[in-house]
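Trainee: Submitted below is the structure of interest, expressed as structure tokens.
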Amino acid sequence: MAFRIGINLGDVIIDPDDIHGDGVNVAVRLQHFSEPGGISVSEDAFRQVRGKIAAKFVDLGEQNLKNIARSIRVYRVGLAEAAEAGRLSSAAIASAGAARPPLALPDRPSIAVLPFQNMSDDPEQEYFADGMVEEITTALSRMRWLFVIARNSAFTYKGRAVDVKQVARELGVRYVLEGSVRRAAHRVRIAGQLIDGSTGAHLWADRFEGDLEDVFDLQDRVTASVVGAIAPMLEQAEIERAKRKPTESLDAYDYYLRGLASLYQWTEESANEALRMFYKAVDLDANFESAHGVAAWCYFWRMANGWTTDRTHEIAETTRLAGRVAKSGTDDPVALAFSGLALGLVVGELKAGAALVNRALVLDPNLAAAWYASGFFRAILGDHDLAIEHIARAARLSPLDPLMFYMHHLIALTHFLAGRYNEAWPLAERSSWERPNFLATLRVAAASNVLAGRLDEARGYIARTLQLDPEVRISNLKDRMGPLRPEDFAIYVEALRLAGLPE
């Protein structure tokens with residue numbers, strides 16, 4: 001731990017187990033003017049040591065201290081200034097530097113949000129910049145898989161030129177988010193960048209502009225955009241890190257990351273490997289709710305792609321995994337969102353699945369997965385316009401998401417269920433370009449093309465479907481589709497029959 005030290009000269013009252021009094025109270029308050037590992041002294045203490053020790057003091061002026069009736073003049077010991085002037089020995093400097101050793105990294109992704117720099121001429125804009133950082137820090141803290149440095153620690157770097165790699169070492173984090181705020185008239189521009197603290201590499205950068213008419217609304221929108229954009233960047237960076245980790249040193253979280261990496265290959269073999277990784281993670285940490293949720297989600301993808309081998313067993317296992325997440329009272333929105341999706345599609349429990357997704361949205365309104373999961377349920381239940389709104393919000397929050405193809409598929413499916421076939425087929429086609437082997441999209445593309453009067457195109461999609469899933473028929477389609485409303489399923493089946501899907 002790096003301590004802040006306050007030194008005062010004054011009377012104290014000694015009890016058998018403690019000391020207290022005005023002299024002690026002033027020393028306690030002086031700590032807050034020190035940097036971690038640094039020292040601040042009162043004027044009384046300064047007069048006793050001035051000219052007698054090899055240290056340079058920085059006069060901070062008269063300060064009002066909490067619960068102290070009078071103002072106190074405070075001096076900070078300037079170790080860096082003294083070193084520059086050659087007034088401290090190399091041993092003293094080494095000793096001072098040793099007060100702030102690098103912290104060990106947590107066993108999960110870790111990030112610090114540094115104070116944003118106010119680039120405006122108006123110093124009053126500091127409140128906006130600081131509020132922006134607080135909002136982003138709070139939003140990131142909702143992500144249970146992420147270790148976020150508290151605002152008070154990050155703000156010790158306010159107003160200082162910093163080396164990001166040094167900050168990462170001092171705070172014990174892998175990633176650092178920094179940014180700036182610039183105001184011109186009634187508009188403001190916010191720039192942010194995400195940096196890997198171990199290498200200094202830039203992982204993401206973007207800027208946002210808006211009107212200052214409603215400051216809080218602007219802060220909310222920027223926060224949602226920043227958090228939604230960097231979350232998948234962090235996840236992908238962690239997946240790459242896990243791949244480089246020696247197999248013999250894997251722990252639960254690394255198994256989880258390797259499982260995601262396998263699942264994102266979207267093949268039957270990779271889905272099986274992903275399940276194996278998630279179960280290993282659960283074996284190592286029985287309370288790892290994200291691993292339970294994403295394991296259930298694997299069965300979702302197996303069903304959607306016709307990879308199910310034992311339907312009874314997979315329904316039971318999905319029910320068990322999702323049920324555990326539901327009963328645990330978890331505050332993990334990732335586990336809730338993916339469990340909800342699996343419960344809805346695989347088990348057919350629409351109300352229970354939608355309830356889990358709603359809990360995820362309450363916990364983390366910036367989680368893209370929760371928004372497109374919500375869109376899935378809205379579409380199936382017939383609230384088409386709200387479904388598209390929710391899926392579009394997910395896409396805006398995570399524009400580089402590896403599941404963007406699925407979001408396009410969901411919007412295409414929603415347009416199809418709403419009877420808007422000319423809007424459905426271009427989106428289904430786009431999704432099929434992004435993920436050519438995703439069978440659910442190929443089927444929606446076939447059905448919507450038929451009802452849009454494009455029979456030849458529809459037959460082409462059925463041919464590709466049968467090539468990837470030779471066993472699919474009208475008779476077993478329900479096992480791949482999930483719980484559509486009867487009237488919607490009837491239209492869907494008839495469209496695929498006209499496109500050439502065998503009985």
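A short reminder: the numbers here are calculations on the coordinates, not readings from a lab. All figures in this text were calculated on a predicted structure; none of them were measured in a lab. Backbone-built Cβ (ideal geometry, glycine too); neighbour counts: all protein chains shown.
Trainee: Between Glu434 and Ser180, take the C-beta separation as r, use R0 = 45 Å, and let me know the FRET efficiency to the nearest 0.05.
Mentor: On the way: r = 34 Å, r/R0 = 0.76.
Working from the Cβ atoms, E equals 0.85.
Trainee: Let me ask something else. Grab the DSSP H runs of the chain that are 4 residues or longer, score each as -39,500 (n - 2.57), total them, divide by all residues and round the 222 nm result to the nearest 500 deg cm²/dmol.
Mentor: Helix contribution divided over all residues of the chain: -17000 deg cm²/dmol.
Trainee: Sticking with this structure for a sec: Of Ser339, Ser42, Ser141, Ser448, how do they rank once you tally other Cβ atoms within 10 Å and put the fewest first?
Mentor: Working: Ser339 35, Ser42 23, Ser141 17, Ser448 30.
In increasing order of surrounding Cβ atoms, one gets Ser141, Ser42, Ser448, Ser339.
Trainee: Oh, and also: Nearest 10 degrees, 0 to 90: what angle lies between the long axis of helix 350-363 and the longest principal axis of the chain (Cα atoms)?
Mentor: 20
Trainee: In addition: Taking 0.36 nm per residue of separation and subtracting the Cα-Cα distance, what length does fully extending Asn476 through Val49 add?
Mentor: Full extension of this stretch gives 145.0 nm more.
Trainee: Let me ask something additional. Taking the stretch 1-52, which trypsin sites (Lys or Arg not before Pro) meet the DSSP loop condition and have no more than 13 other C-beta atoms within 10 Å?
Mentor: Loop-located and lightly packed - Arg50, Lys52.
Trainee: For helix 404-417, what angle does its Cα long axis make with the longest principal axis of the chain, in degrees from 0 to 90 and rounded to 10?
Mentor: Taking Cα atoms only, the helix is inclined about 50 degrees.
Trainee: Could you rank the peptides 253-264, 363-374 by their average count of other C-beta atoms within 10 Å per residue, with the highest value first?
Mentor: Highest-to-lowest ranking by the protection proxy: 363-374, 253-264.
Trainee: Still on this structure, I have one more. Would you please give the residues with an amide H less than 5 Å from that of Val113, counting only those at least 5 places away or on a separate chain, with H modeled from the backbone geometry?
Mentor: Ile149, Leu177
Trainee: Based on the mean of other beta carbon atoms within 10 Å per residue, what is the order of 493-503, 151-161, most packed first? Could the numbers behind the result be given before it?
Mentor: Numbers: 493-503: 17.3, 151-161: 14.0.
Ranking, from highest mean packing down: 493-503, 151-161.
Trainee: Quick one: of the DSSP bridges fully inside the chain, what percent are antiparallel, nearest 5?
Mentor: 75
Trainee: Among Val24, Asn272, Ala352, whose Cα sits farthest toward the positive end of the charge dipole of the chain (+1 at Cβ of Lys/Arg, -1 at Cβ of Asp/Glu, about the Cα centre)?
Mentor: Of the listed residues, the answer is Asn272.
Trainee: Calculate how steeply helix 268-284 sits against the longest principal axis of the alpha-carbon atoms of the chain, using the helix alpha-carbon long axis, and give the answer as 0 to 90 degrees to the nearest 10.
Mentor: Helix 268-284 and the main axis of the chain meet at about 40 degrees.
Trainee: Any idea what the dipole of the chain comes to, in debye rounded to 20, about its Cα centre with Lys/Arg Cβ at +1 and Asp/Glu Cβ at -1?
Mentor: Value, rounded to 20: 600 debye.
Trainee: For the chain, what does the relative contact order come out to in percent, with C-alpha contacts under 8 Å and a separation of six or more?
Mentor: 8
Trainee: Between their Cα atoms, which of Lys52/Lys158; Lys66/Lys165; Lys280/Lys327 are more than 25 Å away from each other?
Mentor: Beyond 25 Å: Lys52/Lys158; Lys66/Lys165.
Trainee: Sticking with this one: In what sequence, highest mean first, do 322-328, 480-486 appear when ranked by Cβ atoms within 10 angstrom? Present the calculation step by step, with values, prior to reporting the outcome.
Mentor: Numbers: 322-328: 19.6, 480-486: 15.4.
Final packing ranking: 322-328, 480-486.
Trainee: Quick check: residue separation of Met119 and His32 times 0.36 nm, minus the Cα distance between them. What number comes out in nm?
Mentor: 28.7 nm
Trainee: Amide H neighbours of Phe57 under 5 Å, counting only residues 5+ apart in sequence or on other chains, H built in-plane at 1.01 Å?
Mentor: Gly78
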